[in-house]
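Notes for the one structure printed next.
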Amino acid sequence: MTHDGIAFPLHSRGVTGDPRELLVTAADGGRRLDVFLAERLALSRAEVRRLLARGRVRLDERAASLSAKGTPLAAGTRVGVAAFSRPEERRVLAEPDAPLAVLAAGPGWLAADKPAGAPVHPFDEGERGSVLGAVIARHPELHGVGEGGLRSGVVHRLDVDTSGVLLVATEEAAWRRLREAFARHRVEKLYRAVVRGRMEEAGAAEIPLVLGRHRPARVRVAAAGERGARVVELAWRPLECFAAVTLVEVRPRTGFLHQIRVALAHLGHPVLGDRVYADADSAAAAPRQMLHAAELRFEEVTAASPDPPDLSALLEALRSRPRRGP
């Protein structure tokens, strides 16, 4: 289709609104494309990057890709934007036939048993296989709760390859209460992980982490005094020591992307199967990262998830091997 002479792809499924054309004024001359669009469209820069990556933006008659996000704009440039839906307008595809194991439930919330390999929520409309797709089929009332859109009702997140307890709110008041509890570090979380090496002593640590400039996102340990670093807190204790690996219990007090995986790797005990933060041998030692969200507690919210089959099978195999002495 065309809009004022600018060609765009046809509307895609779930897209709302109309194409638009924005004129770069003298006051906007020299501004980055992504900053200009974020302000004029009232979108986050992440959403602007999403439009660029999908070919939904044109500069005059030329398509603008993601690599053009930092392009300085000249006054008089016409910036065309194809029809798009705002984050809060997007709808999760309900999957009534998708399996859903509910570990516990209460007024305005439920705790689902998230399988490894399933994302918490879809990243695009029409995407299948997320936990939220299964939940929303049973609880359509959670559309619009919390952040709304494709993250409706999501209280916290687990990595795609991490299994275990996932809390979802079905009512706005419950979402606000639970989100505040996570923000104030009032939620007790317990994880089980199989890590490289023998961790024979319990311990605790505060480690400064920073989100690196990577796509997909990657976290690293910050240098002393580095700007943007956030200190994460976690404690651990060994549950079973094998010849060259350990089953550990980890209790994080904070919440930060990949914090357990990065912290354990920094301590010299990467999670087996971790393809991002572990060394090559540890990464190849399991089919996925052996990290499991086993328990979650806050006031009346109590949920526990048993070890999934792949973690149980790994532990049984380790137990069947001869153990080295202390």
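The values are calculated or read from the model by the stated rules, or taken from the named source; none is laboratory data. Model, not experiment: these values are computed from the prediction. Glycine also receives a Cβ, built like all others from the backbone with ideal geometry; neighbour counts cover every protein chain displayed.
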### Task
Give the residue that is surrounded by the most Cβ atoms within 10 Å (Cβ to Cβ), with candidates limited to residues of segment 65-85 that are over 24 Å from Gly126 (Cβ atoms) and within 27 Å of the chain's Cα centre (by Cα).
Lys69
### Query
Has segment 152-162 got at least one residue that is under 30 Å from Ala243 (Cβ atoms), assigned by TED's automatic domain parsing to the domain that holds His292 and of a type in the set (Ser, Thr, Tyr)?
no
## Note on the structure
Within segment 45-66, residues touching a helix residue (DSSP H, G or I) at 6+ places or on another chain (Cβ under 8 Å) and free of Cβ contacts under 8 Å to residues at least 40 places away in the same chain come out as Arg45, Val48, Arg49, Leu51, Leu52, Ala53, Val57, Leu59, Ala64, Ser65, Leu66
### Message
Tell me whether segment 118-125 contains one or more residues that are crowded, with 17+ Cβ neighbours inside 10 Å and over 22 Å from Pro216 (Cβ atoms).
### Response
no
### Message
Any residue at all in segment 108-116 that's crowded, with 17+ Cβ neighbours inside 10 Å and on the phi > 0 side of the Ramachandran plot?
### Response
yes
### Summary
By residue number, the members of segment 267-285 that are buried (at least 21 other Cβ atoms within 10 Å of the Cβ) and not hydroxyl-bearing (Ser, Thr, Tyr) are His269, Pro270, Val271, Leu272, Gly273, Asp274, Ala278
### Query
Taking segment 227-259, which residues are over 15 Å from Ala205 (Cα atoms) and in a loop (DSSP other than H, G, I, E, B)?
Arg227, Gly228, Ala229, Phe242, Ala243, Ala244, Leu257, His258
### Message
I'm trying to understand the selection: among the residues of segment 177-213, which are basic (Lys, Arg) and either closer than 21 Å to Asp279 by Cβ or surrounded by 15 or more Cβ atoms within 10 Å (Cβ to Cβ) (or both)?
### Response
Arg177, Arg179, Lys189, Arg192, Arg196, Arg198
### Query
Could you say whether any residue in segment 106-114 is over 22 Å from Ala53 (Cβ atoms) and assigned to a loop (DSSP other than H, G, I, E, B)?
yes
### Summary
Among Ala224, Ala205, Ala174, the single one that is small (Gly, Ala, Ser) and either in a strand (DSSP E or B) or touching an Asp or Glu at 6+ places or on another chain (Cβ under 9 Å) (or both) is Ala205
### Message
So, Arg218, is that one surrounded by 15 or more Cβ atoms within 10 Å (Cβ to Cβ), under 23 Å from Ala116 (Cα atoms) and of a type in the set (Lys, Arg) or not?
### Response
no
### Query
Does Trp175 satisfy the condition of being within 21 Å of Gly108 (Cβ to Cβ), among the aromatic types (Phe, Trp, Tyr) and either modelled with pLDDT of 95 or more or not assigned by TED's automatic domain parsing to the domain that holds Ala286 (or both)?
yes
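Residues checked against (1) of a type in the set (A, V, I, L, M, F, W, C); (2) touching a His at 6+ places or on another chain (Cβ under 6 Å); (3) modelled with pLDDT under 95:
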| site | (1), (2), (3) |
| --- | --- |
| Phe182 | yes, yes, no |
| Leu190 | yes, no, no |
| Val195 | yes, yes, no |
| His214 | no, no, yes |
| Arg227 | no, no, yes |
| Arg230 | no, no, yes |
| Val245 | yes, no, no |
| Val262 | yes, no, no |
| Val271 | yes, no, no |
#### Entry: Within segment 1-52, considering residues that are basic (Lys, Arg) and part of a loop (DSSP other than H, G, I, E, B), the one modelled with the lowest pLDDT
Arg13
### Task
Go through (1) more than 30 Å from Glu180 (Cβ to Cβ); (2) touching an Asp or Glu at 6+ places or on another chain (Cβ under 9 Å); (3) in contact (Cβ under 8 Å) with a residue 24 or more places away in the chain and name the single condition Ala304 misses.
(1)
#### Entry: Candidate set from segment 137-171 (those that are in a helix (DSSP H, G or I) and surrounded by 18 or more Cβ atoms within 10 Å (Cβ to Cβ)); member that is farthest from the chain's Cα centre (by Cα)
Leu142
